[in-house]
Amino acid sequence: MRAPRACIEVAAVCAGVAAGEYGYDLVYFEQMAPFADCRQIDVTRCGGIAGFLRAAGVAAAHGLEVSGHCEPRQHLAVAAAIPNLRYLEWFHDHVRIEAMLSDGVRFRVAGALSTL
């Protein structure tokens, strides 16, 4: 992948910019391509698994990596299927709530997400 377009330097760390979590169609993801280094995609907003894969394809066409936005359980399978995945967002409160509402993923098995 390419070097970050926008860079925020904090204490000698150059952090790229991730954006796009409110995208719901391919036009949005295409228009957002020039404005961030990592495309955040939310599988619950962009048309499900098929929409996520399409949005990841748009990101790849622009040399961008992809982040699954929040809810690791919702994003784990589809994110594992794309070659330009950077990371899954991890918010403890989302993980806690997901654990109460769904089954199928054990968290932090040897430092990684794992299916049961």
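The values are calculated or read from the model by the stated rules, or taken from the named source; none is laboratory data. For clarity, every value in this text was computed on a predicted model and none was experimentally measured. Quick reminder, even Gly has a Cβ in these numbers, built from the backbone with ideal geometry, and neighbours come from all protein chains shown. These area figures cover heavy atoms from the full protein model, side chains too; ligands, DNA and RNA do not enter into them. Shrake-Rupley method; radii C 1.70, N 1.55, O 1.52, S 1.80 Å.
Observations, loosely collected:
- When G57 is tested against (1) buried (at least 18 other Cβ atoms within 10 Å of the Cβ); (2) at pLDDT 90 or above; (3) in a helix (DSSP H, G or I), just one condition goes unmet, and that condition is (1).
- In segment 79-93, the residues that are open to solvent by less than 90 Å² (accessible area, probe 1.4 Å) and closer than 12 Å to V66 by Cα: A79, A80, A81, I82, N84, L85, Y87, L88, E89
- Top-ranked residue in segment 1-36 [being under 15 Å from E89 (Cα atoms) and in a loop (DSSP other than H, G, I, E, B); ranked as modelled with the lowest pLDDT]: G16
- If you go through segment 18-54 and keep only what is out of contact with any helix residue (DSSP H, G or I) (no Cβ under 8 Å at 6 or more places or on another chain), within 14 Å of Y87 (Cα to Cα) and surrounded by fewer than 19 Cβ atoms within 10 Å (Cβ to Cβ), you end up with just E21.
- Residue count, segment 68-78 (criterion: more than 15 Å from Y24 (Cα to Cα), open to solvent by less than 20 Å² (accessible area, probe 1.4 Å) and not aliphatic (A, V, I, L, M)): 3
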